[in-house]
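This report refers to the structure that appears directly beneath it.
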Amino acid sequence: MQYGNQEPNYAKLMQIYEAFDARNHRHALKLIQQTMAKFPNSYILKALRCLALYRTERRLEALHHLKEVLAVPHTEEAVLNAVAMILKAEEDWPALAKMYSMASEAHPNSKGLAEQVFFSAVRAQDYKEMQKSAQGLYKRLPEPRYTLWQIGGIYVQALMESNDLQGNLQATLATKMLERLFNSDKAVTQEVMWLYIEILSSQEKHDQAIAICCSSVGQKAFSLKTDRLRTILSLYSDS
């Protein structure tokens with residue numbers, strides 16, 4: 001991690017982190033305030049100050065200062081992590097999603113930030129953003145798990161859709177995408193199988209679900225033979 005002239009040196013930051021690790025948050029806050037006298041524009045110090053205030057039961061003051069930190073995009077992991085701890089404790093998932101979205105836009109080549117956009121969208125239950133962010137990840141790096149994330153976002157939207165026609169269209173789209181993934185040369189994981197079976201079962205296509213479990217791809221996908229057999233028996237009982 002590199003810091004410019006407006007940032008404290010590594011040794012000073014380590015003193016602060018050691019105070020946090022020792023759960024001596026009041027001492028951490030004291031060190032932060034002392035260091036901020038020399039580096040008043042440091043966002044890592046501003047973020048850590050918010051965290052120290054929050055952990056010394058000065059919640060309102062912490063949230064007040066947090067607004068300043070969240071007002072601009074950040075790509076520094078230390079800043080993002082400190083802020084994320086507070087937002088997770090507050091269960092403020094929309095703010096967490098917005099923070100990572102701004103960070104990803106500022107640093108579009110970061111796969112890690114793009115993944116955090118997806119995870120924060122999951123927490124915020126923003127299923128359209130789940131689909132969008134997973135689609136963006138797949139375009140950047142075509143890995144099967146990103147297709148699975150995208151399909152998951154579409155399927156959850158189908159489940160939440162009050163309009164039956166729209167919900168059916170989304171479920172059909174998710175099924176077709178899974179079919180393409182299943183029939184491709186890419187490795188089909190057990191997670192893909194579970195989602196595929198879940199969607200087919202929701203459409204009462206139990207025979208098709210049993211068929212994919214019994215296929216050679218299905219046999220390879222399940223890590224344990226007992227899992228596959230248990231799934232097949234469950235599908236037979238539902239059919």
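FYI, it's all coordinate maths here, none of it is from the lab. Fair warning: this is a prediction, and the values are worked out from it, not measured in the lab. FYI the Cβ positions are ideal-geometry reconstructions off the backbone, even for glycines, and counts take in every protein chain you see.
If you keep only loop residues by DSSP, which GluC sites (Glu not before Pro) in the range 1-97 have at most 11 other Cβ atoms within 10 Å of their Cβ?
For GluC sites (Glu not before Pro) across the range 1-97 that sit outside H, G, I, E and B with at most 11 neighbouring Cβ atoms in 10 Å, the list reads Glu57, Glu91.
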Problem set entry | Entries of Lys111/Lys132; Lys111/Lys139; Lys111/Lys176 with Cα pairs more than 19 Å apart | Lys111/Lys176
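What range in the chain is the longest one free of trypsin sites (Lys or Arg not before Pro) that are in a loop by DSSP and have at most 13 other Cβ atoms within 10 angstrom? Don't jump to the answer; show the numbers that get you there.
Numbers: sites that count: Arg23, Lys38.
Free of exposed loop sites, the longest segment is 39-239.
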Seminar exercise, completed: For the range 1-70, shape from the Cα gyration tensor axes a ≥ b ≥ c, cut at a/c of 1.5 then a/b versus b/c, turns out oblate
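How high is the relative contact order of the chain, in percent, counting Cα pairs under 8 Å that sit 6 or more residues apart? Working shown, then result.
Working: 237 pairs, mean separation 20.6, N = 239.
Relative CO of the chain lands at 9 percent.
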Seminar exercise, completed: By the Cα gyration tensor axes a ≥ b ≥ c (a/c under 1.5 gives rounded; else a/b larger than b/c gives prolate, otherwise oblate), the shape of the range 119-180 is oblate
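Would the range 3-134 count as rounded, prolate or oblate if I go by the C-alpha gyration tensor, calling it rounded below 1.5 in a/c and otherwise prolate when a/b exceeds b/c, oblate otherwise? Write out the running numbers ahead of the final one.
Working: a/c = 2.31, a/b = 1.63, b/c = 1.41.
Verdict is prolate for the range 3-134.
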Seminar exercise, completed: Computed from every Cα-Cα pair in the chain, P(r) in 10 Å bins starting at 0 and rounded to whole percents is 7, 25, 24, 18, 15, 10, 2, 0
